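The values are calculated or read from the model by the stated rules, or taken from the named source; none is laboratory data. Just so we're clear, the structure is a prediction, and the values are computed from it rather than from any experiment. Here the Cβ is made from the backbone with ideal geometry for all residues, glycine too, and neighbour counts use every protein chain on show. For the accessible areas, the whole protein counts, side chains as well, though only heavy atoms, and no ligand, DNA or RNA atoms are used. Shrake-Rupley method; radii C 1.70, N 1.55, O 1.52, S 1.80 Å.
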Amino acid sequence: TMNLNGNRRRVSILLGALFSATLFACSIFPLSNAHGEDLRAIWDNGGGDLEFSNPLNWANLDPSGLANHTLPGAWLDTGDDPVHPNDDANDTTNAIIQNGNNVLLSSNFNAANQFDILIVRFGSSLDIQADLNTNNSPILLGQIAGNTDSITQSSGAVTASALTLGDASSTYTISDGSLSLSGGLTLNNVDGSTFSLSGDTADVGAGNFTLNGASTLDLAFGATGINAIDVGNTFSISGSAILDIDGSAYSGGPATIDLVTFANLSGAFADPANINVTGFSAPTSIGYDGDSMFLIVGVPEPSSLMVLGLAGFAMGCRRRR
């Protein structure tokens, strides 16, 4: 009898520990809701072609998605919002690329309300070569420090509510196409995140542009210069932010070239050691005025001469590019 009671106690303790561990795991990694629907679509390359818009490459799909939907992207699983469990309009889903996967987007993709956030993390990358419309959902690149994550856009139009480069060593590079963000473009800096604009054909626009800590804005000029990043509201620059400009491909003459245009400016690239301008055959200097940050290449225009004597702030009119 004593052995039996002891065994019962041990089994009870073991079951209790297992139940507690299960509750903990579910609280950290919520896999499904009350309807049994997965809340996350996880990239696994099950289709074998690395293609973002192939539903076979994602785990946790809605089984009815392939048969009942025609829009690209509509196959992503729709998990019920726990606040509105029976209201499809409030369903939530994360599309997650993680654990070292390298994903290709080579055909146009419209999210069509199918995910609430696109996450690229844990040593992964996304190569964008076509249109990506997140349907006003944000993109999070890099989430945890200690990882290296990247998104490379060589063509196509990317439209999202926001782009955040998180605490990982993350880099977003755009060399062609367009990036349109109705909200913010935000760089964090635990491992040093970088936004890189390359060439003279890409267009970038955001509601706000924020460089936190020692994050980096990297600009590589094309033959004719670069298209200014268009910030509808505030361009915020940390005192320790880094500005890298490469003019080795620039073949134009003396000019004043806008780098970032904005409605409001908060901060500046304050430390000269954090401003690296290379590759130009003529002298250069950085300046600011009421609505732009610009680069003067060669002999400054008369209206821009003040920039050299006013701590980098130019007053007056000048020719825009």
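Descriptive notes on the structure:
- G192 assigned to a loop (DSSP other than H, G, I, E, B) and either surrounded by fewer than 18 Cβ atoms within 10 Å (Cβ to Cβ) or among the acidic types (D, E) (or both): no
- Filter result (of a type in the set (G, A, S), farther than 21 Å from T173 by Cβ and outside any strand (DSSP E or B)) within region 239-258: G239, S240, S251, G252, G253
- Just so you know, in region 199-233 the residues that are among the polar types (S, T, N, Q) and assigned to a loop (DSSP other than H, G, I, E, B) include one that is surrounded by the most Cβ atoms within 10 Å (Cβ to Cβ), and it is S215.
- Among the residues of region 252-292, those that are over 15 Å from S198 (Cα atoms) and of a type in the set (S, T, N, Q) comprise T256, T261, N264, S266, N274, N276, S281, T284, S285, S292.
- Residues that are at pLDDT 90 or above and open to solvent by less than 20 Å² (accessible area, probe 1.4 Å), drawn from region 128-141: I128, A130, L132, I139, L141
- Scope region 142-173; condition hydrophobic (A, V, I, L, M, F, W, C) and within 16 Å of L104 (Cβ to Cβ); matching residues: I151, V158
- Qualifying residue in region 243-254 (condition: modelled with pLDDT of 95 or more and touching a helix residue (DSSP H, G or I) at 6+ places or on another chain (Cβ under 7 Å)): yes
- Any hit, region 206-223, residues being within 16 Å of A157 (Cα to Cα) and within 13 Å of the chain's Cα centre (by Cα): yes
- Taking every residue in region 156-171 that is closer than 15 Å to D127 by Cα and pairing it with any residue that is among the small types (G, A, S) and surrounded by 21 or more Cβ atoms within 10 Å (Cβ to Cβ), at least 6 positions away or on another chain, the pairs with Cβ-Cβ distances below 9 Å are S170/G142; S170/S150; S170/S193; T171/G142; T171/S150; T171/S193.
- With respect to the conditions (1) modelled with pLDDT under 85; (2) open to solvent by 30 Å² or more (accessible area, probe 1.4 Å); (3) hydrophobic (A, V, I, L, M, F, W, C), W75 lacks only one, and its number is (2).
- Lone unmet requirement of (1) in contact with a helix residue (DSSP H, G or I) (Cβ under 8 Å, 6 or more places away or on another chain); (2) over 22 Å from T171 (Cβ atoms); (3) open to solvent by 30 Å² or more (accessible area, probe 1.4 Å) for N264: (1)
- Matching residues, region 203-225, being in contact with an Asp or Glu (Cβ under 9 Å, 6 or more places away or on another chain) and not hydrophobic (A, V, I, L, M, F, W, C): D203, G205, T216, D218, G222, T224, G225
- In region 108-127, the qualifying residues are those that are open to solvent by 40 Å² or more (accessible area, probe 1.4 Å) and closer than 19 Å to S175 by Cβ, and the one that is modelled with the highest pLDDT is D127.
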